[in-house]
Amino acid sequence: MITDLKTIALERFWPYVDKDGPIMPGMPDECWIWSRQPSNEYGQISVGGRDINIHVFSWLLIGGPKTTLGFLLHHKCANKRCVRPSHLVMETIVGHAEQHKLKRKTKGGINLSETNCNCKNDKRP
Ligand SMILES: [Zn+2]
Ligand SMILES: [Zn+2]
């Protein structure tokens with residue numbers, strides 16, 4: 001399974017990852033941008049006949065645990081094209097909603113709104 005992911009990554013993931021992405025507010029380093037997808041949509045990659053979201057793929061690639069019911073993968077950088085594993089964090093759905101509420105309060109909902117992150121649409125692998 002892991003070997004498969006690595007093979008897929010070499011052929012269909014890394015060639016399209018731009019490690020020179022923007023540094024988002026509050027983040028220590030650059031986003032890794034999946035360059036193969038229009039800016040307003042989540043990227044997906046086919047693994048074993050199933051489409052999974054590209055940031056979830058990146059997460060699994062480094063051995064991150066599968067998100068189970070009640071959990072999802074949140075973009076700390078609020079950049080939904082980002083696939084840098086260190087910018088992702090597993091959150092409970094309840095905790096996640098709180099985070100977004102907090103961000104909306106502190107940033108006025110301009111850059112870090114729920115729609116920008118769009119974590120709710122995470123497809124579980
Ligand atoms: Zn990022
Ligand atoms: Zn989120």
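What does the charge count near ILE33 come to, summing +1 for each Lys or Arg and -1 for each Asp or Glu among other residues with Cβ under 11 Å from its Cβ?
Here the charged neighbours net out to +2.
Between their Cα atoms, which of LYS6/LYS80; LYS6/LYS66; LYS76/LYS101; LYS66/LYS101 are more than 19 Å away from each other?
On the way: LYS6/LYS80 22 Å; LYS6/LYS66 16 Å; LYS76/LYS101 14 Å; LYS66/LYS101 25 Å.
In this structure, LYS6/LYS80; LYS66/LYS101 lie more than 19 Å apart at Cα.
Would you kindly derive the ³J(HN,Hα) couplings of the stretch 9-14 from the backbone phi angles with the Karplus curve 6.51 cos²θ - 1.76 cosθ + 1.60 (θ = phi - 60°), listing them in order in whole Hz, with x for Gly and Pro?
With coefficients 6.51, -1.76 and 1.60, one gets 4, 4, 8, 10, 10, 4 Hz.
Read the figures in this text as sums done on the coordinates, not as results from a lab. Not measured: the values here are computed from a predicted model. We place every Cβ from the backbone using ideal geometry, glycine too, and count neighbours over all the protein chains shown.
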